[in-house]
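Below is one structure, written out as structure tokens; comments come after it.
The values are calculated or read from the model by the stated rules, or taken from the named source; none is laboratory data. Note that this is a predicted model, so its numbers are computed, not measured. Don't worry about glycine lacking a Cβ; one is built from the backbone with ideal geometry, like all the others, and counts go over all protein chains shown.
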Amino acid sequence: MFEMAVETSRGAEDIICELIEKSFSARTVGEQKEILQHKKPQPKLGPRTANRQFQDACYAKKEWLCGSTNVQRLFCWPCLLFAPGKSQMWTRQGYANMRCFLSDCRKHGRWNCHLEAYKKWKTFDATERVVILFSRARREEVQRNNEQVRQNTETLKTISEAILFLNKQELAFRCHDESRDGLNKGNYWELLECFAKYDLFLNVISIGS
Ligand SMILES: [Zn+2]
């Protein structure tokens, strides 16, 4: 079922006229994203469209077709974005000859420049999504690594404190029975276990040893 999608969010602005004045490629990345976030303009065109009334249903049949409210003509949305000027008819003047509409649409749809522009249009958004996903995953990975380094540094500090303490007090590090179930595992492990009560990460190491 054809969905009437008259561009209303832009108010009186006509993005097609704006793109003719300032091309898509000359705009900032932010502007480009903003343009692509909106549906291509598909306004209901009035009787000025030419000798035969344009049927709104054509917007649904030709995915690339868009219309300008201001000039009351049809344009090719991907060519307007990615191949402006290549086709004067579909990106500058606008199309209005409804008597040859279907055959001209077929002809334009098979044109190499159009196919290239269409491909860019379809991949632009997908590429943008992939870039965002990759940068987010990379950022999360760096954050995880930074946190791991911080934890390791803190744990090493605690272990160093234990070693320094035993050295300073001239206490033996080990004893004859360092098994996990032993009553006395030696000064080193006993001290680490004591510290581990207050250090979650050291606790993990101590339990795992
Ligand atoms: Zn085109």
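Some observations on this one:
- Sole exception among (1) at pLDDT 95 or above; (2) in contact with a strand residue (DSSP E or B) (Cβ under 7 Å, 6 or more places away or on another chain) for L115, by number: (2)
- Restricting region 81-111 to residues that are more than 10 Å from the ligand (Cβ to nearest atom) and hydroxyl-bearing (S, T, Y), the residue that is farthest from W64 (Cα to Cα): S103
- Test: P78 is assigned to a loop (DSSP other than H, G, I, E, B), under 25 Å from L45 (Cβ atoms), within 14 Å of the ligand (Cβ to nearest atom) and touching a residue at least 40 places away in the same chain (Cβ under 8 Å): no
- Checked against (1) outside the structural domain of K33 (by TED's automatic domain parsing); (2) near the ligand (Cβ under 10 Å from one of its atoms), K120 meets all criteria but (2).
- Among the residues of region 94-117, the one identified as farther than 22 Å from D14 by Cβ and hydroxyl-bearing (S, T, Y) is S103.
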